Amino acid sequence: MNAMSDRYPIDPLRALPTSAYRPASHQVDLDAIWHRDWVFVATADQVAEPGDWVAVTVGAQPVIVLRRQDGELAALSNLCAHRGTLLAEGAGSAKRFQCPYHAWTFSDTGRLLAAPYTRPADVEREAHCLPSYRAEQWHGLVFVSLDPEVPSLATRFAHLESLVVDAGIAELRHWTAERAQETWEANWKLVIANAMESYHLFKVHPETLEPYSPTAGAHYIVGSADGTATAGPYGQDGADRYLLLSLPPNFVGVIVGDSLAWQAVRPLSADRSLIVTGGAHTSPSPSTRTGLRRWAGSAAAKAVDWAVPDFLPEDRMICERGQRAATGEFTPGTLVPMEQVVADFHHYLDRQLHRVEPPPVRTSAEIGIAEADARVAAR
């Protein structure tokens, strides 16, 4: 079977076809995106000290993200090199990893240290090391790539660096204990595209977000297939501003003042996604804050100074409604100018799935001219 023929068509200036949300798309996405690119998996506080580790999944691959004894951030396969059992679950601190099945033991570099009841000639140690993967940190966010050839995060997000630094993200402290997760019955692309665009706020969130972050105020700053920054006024008086970072394939974060709220998505199947929400603040612990406690319907809200009602159930409703529509066929509609961040995401998908070179980094002014010309030419 030709793998390329299974890949759904993409026109970056239009909505995705419903075939993008069906079972046939799931393995395509895993192979071309989740197993070939950087994926957000954790925050740096989770692996801050030597020995700290957390078990994650990158696409379909179980991985251990850890801080080695030498202080290096690393990622190892979480499958025992003997018979493939999960070595670790959850999080913890350790100098080595022992399989719960037959006690094969591995160092924090992946080297096989012990295989009980065997002689030296029985097991070739070098052939049974745990595979290692790329792991890098960007402003407190940890990413893993199963592909060793991907460009560095510094290169990937260079066009966003000054915005993030100016926003003061380096001073923020992530509150791991205040994190929440749930499963939505929707494809991961529906969820992440919904999280990154503000065009839907007036309709889906008329009482929860629209009064505090009006649709009309949202605007594009800079972006590309590698990531996009949008912004807008925040608060009932519009005195504050938010900065929204969209980092494909699975991270969206909103910075307001000295707070960060983020949402990460992981595909479970073609029609199910794991949604993780978290937050960070300059204060050392959530107990020092007295602001919003309802953001995302979880304790993660305490990391954000937003006095808005819970809006994530509304996002879940619209994403799951979109998934229920995936059984039908339609001619994908044109993306409007306010959805340029979604067009950037589609350029990302087109690059990963079809190897189509995306446009270079562009600002709002450049986008306005280029996209207008493209839409006229497409008529």
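The values are calculated or read from the model by the stated rules, or taken from the named source; none is laboratory data. Remember, predicted model here, so these are calculated numbers, not experimental data. Every residue, glycine among them, receives a Cβ derived from its backbone with ideal geometry; neighbour counts consider all protein chains shown. SASA here: full protein model, heavy atoms, side chains in, ligands and nucleic acids out. Shrake-Rupley method; radii C 1.70, N 1.55, O 1.52, S 1.80 Å.
Rounded to the nearest 0.05, what FRET efficiency do A154 and I221 give with R0 = 25 Å and r taken as the Cβ-Cβ distance? Could you check?
Numbers: r = 20 Å, r/R0 = 0.78.
That gives a FRET efficiency of 0.80.
With 27 Å as the cut-off, how large is the P(r) tail for the range 93-214, expressed as percent of Cα-Cα pairs? All intermediate terms of the calculation are to be shown ahead of the outcome.
Numbers: 3792 of 7381 pairs.
Looking at the range 93-214, the distances longer than 27 Å represent 51 percent of pairs.
What accessible surface, in Å², does a 1.4 Å probe find on T176, ignoring ligands, DNA and RNA and rounding to the nearest 10?
It works out to around 60 Å².
Which longest uninterrupted range of the chain lacks any GluC sites (Glu not before Pro) assigned by DSSP to a loop state (not H, G, I, E or B) and surrounded by at most 15 other Cβ atoms within 10 Å? Each step should come with its number before you reach the end.
Numbers: sites that count: E72, E89, E124, E149, E185, E207, E329.
My reading of the result: 208-328 is the longest stretch.
Could you point to the residue in Q340, C319, I169 farthest towards the positive end of the chain's charge dipole, with +1 and -1 charges on the Cβ of Lys/Arg and Asp/Glu respectively?
C319
So what are the radius of gyration and Dmax for the Cα set of the range 152-281, in Å?
According to the Cα coordinates of the range 152-281, Rg and Dmax are 14.7, 42 Å.
Given Cα pairs under 8 Å that are at least 6 residues apart, what percent is the relative contact order of the chain?
On the way: 787 pairs, mean separation 70.9, N = 379.
Contact order relative to length: 19 percent.
Calculate the spin-label point distance for S269 paired with A44, positioning each point 7 Å from the Cα along the beta-carbon direction, and give it in nanometres.
Once both label points are built, they end up 3.8 nm from each other.
For the range 138-257, calculate the relative contact order in percent as a whole number, restricting contacts to Cα pairs under 8 Å that are 6 or more residues apart. Before the final figure, lay out each step's value.
Values: 127 pairs, mean separation 22.6, N = 120.
RCO, the range 138-257: 19 percent.
Which FRET efficiency, nearest 0.05, do S364 and Q27 yield, Cβ-Cβ r, R0 45 Å? Please list the in-between numbers first.
On the way: r = 37 Å, r/R0 = 0.81.
The pair S364/Q27 has a calculated efficiency of 0.80.
Run through every distinct alpha carbon pair of the chain and return the Kirkwood hydrodynamic radius in angstroms, one decimal place.
Details: mean 1/r = 0.0456 Å⁻¹.
It works out to 21.9 Å.
As I understand it, the dipole of the range 1-78 uses +1 on the Cβ of Lys and Arg and -1 on the Cβ of Asp and Glu, about the Cα centre. Which of A44, V54, W34 lies farthest toward its positive end?
Of the listed residues, the answer is W34.
Evaluate E = 1/(1 + (r/R0)^6) for A170 and K203, where r is the Cβ-Cβ distance and R0 equals 35 Å; express this FRET efficiency to the nearest 0.05.
Details: r = 36 Å, r/R0 = 1.03.
Between A170 and K203 the formula returns 0.45.
Taking 0.36 nm per intervening residue step and subtracting the Cα-Cα distance, what contour gain separates M317 from R96 on full extension? Intermediate results must be reported in sequence, preceding the final value.
On the way: separation 221, 0.36 × 221 = 79.56 nm, distance 4.32 nm.
Contour length minus the Cα-Cα distance gives 75.2 nm.
Using a 4.7 Å Cβ cut-off, which Cys residues in the chain lack a partner cysteine?
Cysteines lacking a close Cβ partner in the chain: C129, C319.
Given labels modelled 7 Å from the Cα in the Cβ direction, how far is it in nm from T331 to T118?
Inter-label distance under the simple model: 6.2 nm.
With +1 on each Lys and Arg Cβ and -1 on each Asp and Glu Cβ, how big is the dipole of the chain about its Cα centre, in debye rounded to the nearest 20?
Values: 33 positive and 45 negative charges, 153 e Å.
Computed charge dipole of the chain: roughly 740 debye.
In square nanometres, what is the average projected area of the Cα convex hull of the range 91-131?
Value for the range 91-131: 3.3 nm².
Using Cα pairs under 8 angstrom and six or more residues apart, how large is the relative contact order of the range 4-143, in percent?
Value for the range 4-143: 20 percent.
In square angstrom, what is the accessible area per residue of the range 1-121 with a 1.4 angstrom probe?
Details: 5590 Å² over 121 residues.
Computed with neighbouring chains in place, this is 46 Å² per residue.
For the range 3-157, what percent of Cα pairs sit more than 19 Å apart? Please report the intermediate quantities before stating the final value.
Values: 7097 of 11935 pairs.
Counting pairs separated by more than 19 Å, the tail of P(r) holds 59 percent.
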